[in-house]
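Q: Quick one: this structure, given as structure tokens, is what I'll be asking you about.
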Amino acid sequence: GESVGLHLPTLSVQEGDNSIINCAYSNSASDYFIWYKQESGKGPQFIIDIRSNMDKRQGQRVTVLLNKTVKHLSLQIAATQPGDSAVYFCAENPRGSARQLTFGSGTQLTVLP
Amino acid sequence: KAGVTQTPRYLIKTRGQQVTLSCSPISGHRSVSWYQQTPGQGLQFLFEYFSETQRNKGNFPGRFSGRQFSNSRSEMNVSTLELGDSALYLCASSSGVQNIQYFGAGTRLSVL
């Protein structure tokens, strides 16, 4: 993931619109990627994952796209709802590092009524 | 199926003390990982245990240690607490088959 810092990138979207959250990862040896959602006062909640042998994976209202050439990951949320407001983290798992995840700094998504 | 349970939820300690945090993984999960979350550094990997053995360790000082019991429950210990250890400590469990890590709600540690 990208370097961490005090300032979270933010994204505001209107309810019902689609959201796209981007993430750049750093380790070309990473072969597994995962998106988490974290609401205030809670632990990260699994959203969707993708392996490096795939370019795209779809879940319920969510799609993850992986571009290994530029080491970029994106999470698309369709028909964003107020309950989607949270901080979203991408995480990478380098090959051979067991369950060690490296997290990005996160994006704060706010859904406007 | 019950999720990952972490106790206590909140803890207040003073500098120099030590603390032990507990994590009960999802039933059947044998891998337990620990992470530290702070506003400045984000989520950082501490260590991972599988079948009572530490498999991986992050870049933290030796004051941070952990262990896993035969029932897969895990504890982490921080000795000689420093102000900078104030953080949310998260535990995650996963099965041996999938890579997905499921997180608990965390233990909020405040060091005064």
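Each value in this text was obtained by applying a stated rule to the coordinates, not by laboratory testing. On a predicted model such as this, the values are computed, not experimentally measured, just so you know. For neighbour counting, all protein chains shown are included, and Cβ atoms are generated from backbone atoms with ideal geometry for every residue, glycine included.
Q: Summing Lys, Arg as +1 and Asp, Glu as -1, what charge do residues with Cβ under 13 Å from the Cβ of B:ARG73 carry, B:ARG73 excluded? Let's see the in-between values first.
A: Numbers: positive: B:ARG30, B:ARG67; negative: B:GLU52, B:GLU75.
Net charge in that neighbourhood comes out at 0.
Q: To the nearest 20 debye, what is the magnitude of the charge dipole of chain A about its Cα centre, counting +1 on the Cβ of each Lys and Arg and -1 on the Cβ of each Asp and Glu? Mind showing how you got there, number by number?
A: Numbers: 10 positive and 9 negative charges, 73 e Å.
In total the dipole reaches around 340 debye.
Q: A 24 angstrom limit on the alpha carbon distance is what I want to check against. Which of A:LYS42/A:LYS71; A:LYS42/B:LYS1; B:LYS1/B:LYS57; A:LYS37/A:LYS71 exceed it? Don't skip to the end; give the middle numbers.
A: Details: A:LYS42/A:LYS71 29 Å; A:LYS42/B:LYS1 18 Å; B:LYS1/B:LYS57 29 Å; A:LYS37/A:LYS71 21 Å.
Listed pairs above 24 Å: A:LYS42/A:LYS71; B:LYS1/B:LYS57.
Q: Kindly state, to the nearest 0.05, the FRET efficiency for B:ARG108 paired with B:ASN77, given R0 = 25 Å and r defined as their beta-carbon distance.
A: Working: r = 17 Å, r/R0 = 0.67.
Given R0 = 25 Å and the Cβ-Cβ separation, E is 0.90.
Q: Chain A: Rg/Rh from Cα coordinates, Kirkwood Rh? Spell out each step's value before the answer.
A: Working: Rg = 13.5 Å, Rh = 14.2 Å.
When Rh is taken as the Kirkwood radius, the ratio is 0.95.
Q: For the range A:25-37, take each phi angle, set θ = phi - 60°, evaluate the Karplus expression 6.51 cos²θ - 1.76 cosθ + 1.60, and give the result in whole Hz per residue in order, putting x for glycine and proline.
A: Once rounded to whole Hz, the list reads 10, 10, 9, 5, 7, 5, 10, 8, 9, 8, 10, 10, 10.
Q: At 7 Å along Cα-to-Cβ for each site, give me the label-to-label distance between A:ASN18 and A:LYS68 in nm.
A: Roughly 2.5 nm, to one decimal.
Q: A further question on this structure: Going by amide H atoms built from the backbone, whose H comes under 5 Å of the H on A:SER85, apart from near neighbours?
A: The answer is A:VAL111.
Q: Along the charge dipole of chain A, which of A:GLN100, A:ASN22, A:THR10 sits closest to the positive end, that is, farthest toward it, with unit charges on the beta carbon of Lys, Arg, Asp and Glu (+1, +1, -1, -1)?
A: The listed residue farthest towards the positive side: A:GLN100.
Q: Tell me the relative contact order for chain B as a rounded percent, counting alpha carbon contacts under 8 Å between residues six or more apart.
A: Values: 288 pairs, mean separation 40.9, N = 112.
So the answer I get is 37 percent.
Q: Would you tally the net charge around B:GLN17, using a Cβ to Cβ cut-off of less than 13 Å, leaving B:GLN17 out, and scoring K and R as +1, D and E as -1? The partial results should precede the final answer.
A: Numbers: positive: B:LYS13, B:ARG15, B:ARG63; negative: B:GLU82, B:ASP85.
Taking every other residue near B:GLN17 into account, the sum is +1.
Q: Would you mind ranking B:SER33, B:SER70, A:SER97, B:SER110 by Cβ crowding within 10 Å, fewest neighbours first? Write out the running numbers ahead of the final one.
A: Details: B:SER33 28, B:SER70 7, A:SER97 19, B:SER110 13.
By the 10 Å Cβ count, ascending: B:SER70, B:SER110, A:SER97, B:SER33.
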